[in-house]
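What follows is a single structure, written as structure tokens, with notes after it.
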Amino acid sequence: MGDSSNSNDSTTVPTPEDWDVHGAPDATLGGYFAEHERPPGFDGLDGQPYTVSMETEKTPDLRHPFEGFLVFPRWAETGVGVVGHVESLTLVKGKTRDEVLAELGDLTLVQVKALLDDALRRRAELDHDDGGPGPPHPEG
């Protein structure tokens, strides 16, 4: 607060201080869920609407028996239903499910949007590498 530095320089890489420019409690994924009791929505780089959920899985690794990642459901343009999804890579490993969820919840919404776009790029590369149409992508 009260920082007079110019954060509008397009050549500057955002730092953690830049991600929460307003100090808002809903600037992180966990904060957004807590404040709004619903997932945040994003427009993917493909122009489609997405929301996000924090997911965990058990692993055979005794040191880190849980891992966490994000799932991005893609909604029909009408908002009537989910028509597909993409997933992030594993983002967090931990000893407990709650620990993993807390770490995922600390991601800023800027980071979550970047992870969505990364997942969409990976999906597009896989579709292209397979030489086929890939999974169906209804136009909504």
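The values are calculated or read from the model by the stated rules, or taken from the named source; none is laboratory data. Model, not experiment: these values are computed from the prediction. A quick note on method: Cβ atoms are made from the backbone with ideal geometry, for glycine too, and the neighbour counts reach across all protein chains shown.
Here are a few things to note about the model shown:
- Qualifying residue in the range 62-73 (condition: surrounded by 12 or more Cβ atoms within 10 Å (Cβ to Cβ) and at pLDDT below 95): no
- Search result, residues across the range 77-120 that are surrounded by fewer than 19 Cβ atoms within 10 Å (Cβ to Cβ), in contact with a Pro (Cβ under 7 Å, 6 or more places away or on another chain) and closer than 20 Å to Ala27 by Cα: Val110
- For the range 63-97, a tally of residues being β-branched (Val, Ile, Thr) and in contact with a Leu (Cβ under 8 Å, 6 or more places away or on another chain) returns 2.
- Qualifying residue in the range 18-38 (condition: closer than 28 Å to Glu99 by Cβ, modelled with pLDDT of 60 or more, touching a Phe, Trp or Tyr at 6+ places or on another chain (Cβ under 6 Å) and not in a helix (DSSP H, G or I)): yes
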